[in-house]
Amino acid sequence: MRCRRCRAPAVIEVRRHNAGFCSTCFLRHCAEQVRRAIEEHKMVAPGERVLVAVSGGKDSLALWDLLLDLGYQADGLYLGLGIGAYSDESGAYVRTFAESRQARLVEIDLPSRFGFGVPEGAAAARRVPCSACGLSKRHLFNQAALNGGYDVVATGHNLDDEAAVLLGNVLRWSTDYLGRQEPVLPEAAGFARKVKPLIRLGEREMAAYCVLRGIDYIVEECPMAEGNRHLGYKAALNLIEEASPGSKQAFYTGFLARGLPHFRPESEEDRGELKPCTTCGAPTPSGQCAFCRLVDSVAAVGESTPVPVPTRRRRARR
Ligand code: Q46
Ligand code: ZN
């Protein structure tokens, strides 16, 4: 197979585009897709400061690398989740990358700052780990962006992630979530803008990007991901994609163009008035915000008792 752009031997085939790319043209293709997503959805304006939420995985490190190369003022934000060796290793990958690019990294460590990690927080609040983790991330990313004077928080959600979330929302007809599944959540009082510049690139492309750019990243799945429904949705979509390349992208982009406008009004109506959290001041429907309630539930069970972290699993290679 030859590169679609320059006819040199291809190093990767992207079946969705029915195309092969050599290394140089593939890296350009990735940058082009990010540039187009940012422009098309007005994610970042010239001169704005971006805070990239980096986990140590391929997507967020590739995103940070791409934004820096595209000339954005992009700093990284790493949140230590207190998930045993997984968190130690993922933090090390992030620090190595930041050093190699001489980029600014902001770090927040959940255990040393708030006295608990995701496993302990989830146990105390009787939530599944990904729920405790997700609400902590949303709260702390937003707070870090506002405190640091950033205009926008960028996350490494790629096409596979968004298509899997969409499938889950459609299977349950979660119309409120469907109305909010936007690639850009605009800024509002107490909220920084949130953007997903990787929506035009798939998981496999991001792994290839990191390999070709020499970016080391944590390959293992988070050990708390067991039972996460999105892994099953991704596997189902991969089977469909295998039989019919391009289905995943058609599903997601078709939703943005033709589905989302139907659900957006209902979702906007559902958003009631927000008041400052009685503890931290973050906007919340009433009383304490979900993150402060999580902090309090850990305090209520006394000294946070370490919860064993499950054995790590290797990420399935496709
Ligand atoms: S880090 Fe957190 Fe993920 Fe681990 S606990 Fe779940 S949400 S799986 S992206
Ligand atoms: Zn709060």
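Every read-out reported here was derived from the displayed coordinates using simple, explicitly stated rules and does not represent laboratory data. All figures in this text were calculated on a predicted structure; none of them were measured in a lab. Methodologically, a virtual Cβ is constructed for each residue, glycine included, from the backbone with ideal geometry; neighbour enumeration extends over all protein chains shown.
With a Förster radius of 22 Å, plug the Cβ-Cβ distance of residue 219 and residue 99 into 1/(1 + (r/R0)^6) and report the FRET value to the nearest 0.05. Display every interim value, and only then the final one.
Details: r = 20 Å, r/R0 = 0.92.
My answer for the efficiency is 0.60.
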query: Mind listing the phi-derived Karplus ³J(HN,Hα) values for the stretch 202-207, rounded to whole Hz, using 6.51, -1.76 and 1.60 with θ = phi - 60°, and x for any glycine or proline?
result: x, 4, 5, 5, 5, 5
- prompt: Between the stretch 229-247 and the stretch 25-102, what's the alpha-carbon centroid distance in Å?
  reply: 25 Å
Efficiency of FRET between residue 8 and residue 88 - r from beta-carbon atoms, R0 30 angstrom, step 0.05: 0.15
field: Rg(Cα)/(2.2 N^0.38 Å) for the stretch 126-261, N = residue count
entry: 1.13
query: Okay, which of the stretch 13-41 sit inside 18 Å, backbone N to the point 7 Å along the Cα-Cβ direction of residue 242?
result: 13-16
- prompt: Using the scaling law 2.2 N^0.38 Å as the reference, what is the normalised Cα Rg of the stretch 31-301?
  reply: 0.99
- line: For the chain, the longest principal axis of the Cα atoms and the Cα long axis of helix 58-69 enclose an angle in degrees, to the nearest 10, of 70 degrees
- request: Determine, from the Cβ-Cβ distance of residue 31 and residue 269 and an R0 of 45 Å, the FRET efficiency 1/(1 + (r/R0)^6), rounded to the nearest 0.05.
  value: 0.70
task: Would you mind checking which residues have amide H under 5 Å from residue 181's amide H? H placed 1.01 Å from N; only 5 or more apart, or other chain.
output: none
Residue 278 versus residue 301: modelled label distance in nm, points set 7 Å from Cα along the beta carbon direction: 2.3 nm
message: Modelling each spin label as a point 7 Å along the Cα-to-Cβ direction, I'd like the residue 42/residue 257 distance in nm, to one decimal.
response: 2.0 nm
